[in-house]
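One structure is given here, and the rest of the page talks about it.
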Amino acid sequence: MFIREIQSKSILSASKIYPYVINPYVGCQHACSYCYARYMKKFTGHKEPWGTFVDVKLNAVELLQNEIYKKRKATVWISGVCDPYQPLERKYKLTRQCLQLLIREGWPVVIQTRSPLILRDVDILKEAKNLEVGFSITTGDDDVRKLFEPGAPPISERLKALTELHVLGIKTFAMIAPILPGAEILVKLLADIVDYILVDRMNYHHADFIYRKHGLEDKMTEEYFARVSNRIDSDCRLLGIDCTRAY
């Protein structure tokens, strides 16, 4: 893993998903094969394969301390092109410190991660008045997870973390994107531990070679995506879970 400590020019950026986004890191150790954030290499100059490098924005908190007083208060997404709780966060605690500042100043926050490391920061999360925590969970089959997300935490650990957060009264959601083989059973696993579910087929082809290598071509067809998306929506209706589909 190539780790580089850098000084960033800004940290609180405009986003098309939420008003603002914070990415404390460039790159991600989880190395998900399908990740759309691979496009970042066009702008960062990295020659290393995606998932083998991370830039650490050492001045992220200092920048945020200046920027939040100059911008209109609105929802902040943590994060968009990296996992804010990837393993390096244990050492650098940039996500934790940014959260402390945002929550202290009353900014609405939406966190999206794959990592149970977020439980480290429960002491901060419990103090927030406007906070949501979402876990990206693309399949209910951990063998499939190992194929497509080899560096990411097991599905069981994500479900356990969601459960703990939900029990504490924190608003939680699951993001099923992309729809991987085994997503059919996810709603049953997520029942009673999420407030809502987001579903997106996400039409990226970075992981096509994995489907072909393991004989999963039938799981990358339009028919499959439509069928599973409909199944998820139907299961959510039966269980009374709000479900938003982008596909």
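The values are calculated or read from the model by the stated rules, or taken from the named source; none is laboratory data. Here the structure is a predicted model, which is why all the values come from computation and not from measurement. As a convention, Cβ positions derive from the backbone with ideal geometry for all residues, glycine included, and neighbour counts pool all protein chains shown. The accessibility values were calculated without ligands, DNA or RNA, using every heavy atom of the protein model including side chains. Shrake-Rupley method; radii C 1.70, N 1.55, O 1.52, S 1.80 Å.
Projecting the Cα atoms of ILE170, CYS28, GLN97 onto the charge dipole of the chain (Cβ charges, centred on the Cα centre) puts GLN97 farthest toward the positive pole.
Label positions at LYS70 and ASP208, each projected 7 Å from the Cα along the C-beta direction, are separated by 4.3 nm. Net length available on complete extension from ARG120 to THR44 is 24.4 nm, with 0.36 nm assigned per residue and the Cα-Cα distance removed.
Can you tell me the dipole magnitude for the chain around its Cα centre, using point charges on the Cβ only (Lys, Arg +1; Asp, Glu -1), in Debye to the nearest 20? Computed about the Cα centre, the dipole is about 820 debye.
Per-residue ellipticity at 222 nm computed for the chain from its helices equals -8500 deg cm²/dmol, with DSSP H segments shorter than 4 residues left out and the rest contributing -39,500 (n - 2.57). Segment 155-233 has equivalent-ellipsoid semi-axes of 27, 13, 10 Å, by the square roots of 5 times the alpha carbon gyration tensor eigenvalues, sorted largest first. Loop-located trypsin sites (Lys or Arg not before Pro) across segment 24-132 with a Cβ neighbour count of 15 or fewer within 10 Å are LYS47, LYS70, LYS71, ARG72, LYS73, LYS126, LYS129, with loop assigned by DSSP. The separation of segment 162-219 from segment 59-96, counted between C-alpha centres, amounts to 25 Å. Compute the relative contact order of the chain as a whole-number percentage, counting only Cα pairs closer than 8 Å that sit 6 or more residues apart in sequence. It comes to 16 percent, rounded to a whole number. In the assembled protein chains, ILE6 presents an accessible area of approximately 40 Å² (probe radius 1.4 Å).
A simple packing score, the average count of other Cβ atoms within 10 Å per residue, orders the peptides 24-36, 225-237 as 24-36, 225-237, with the highest score first.
Projecting each Cα onto the charge dipole of the chain (Lys/Arg +1, Asp/Glu -1 at the beta carbon, about the Cα centre), which of ASN130, ILE78, LEU64 comes out farthest on the positive side? My answer, from the dipole projection, is LEU64.
Could you sort out which of LYS71/LYS146; LYS16/LYS219; LYS47/LYS129; LYS91/LYS171; LYS70/LYS91 sit more than 32 Å apart by Cα distance in this structure? Over 32 Å Cα-Cα: LYS71/LYS146; LYS47/LYS129. About its Cα centre, segment 116-228 has a charge dipole of approximately 100 debye under the convention of +1 per Lys or Arg Cβ and -1 per Asp or Glu Cβ, with nothing else charged.
Summarising the label geometry, the points placed 7 Å from Cα in the beta-carbon direction at LEU168 and LEU101 lie 2.2 nm from one another.
Derived from the Cα gyration tensor, the three semi-axes of the equivalent ellipsoid of segment 89-216 are 28, 16, 13 Å, largest first. For the chain, the longest principal axis of the Cα atoms and the long axis of helix 222-239 meet at an angle of about 80 degrees. Take THR52: with every protein chain present and a 1.4 Å probe, its accessible area is about 50 Å².
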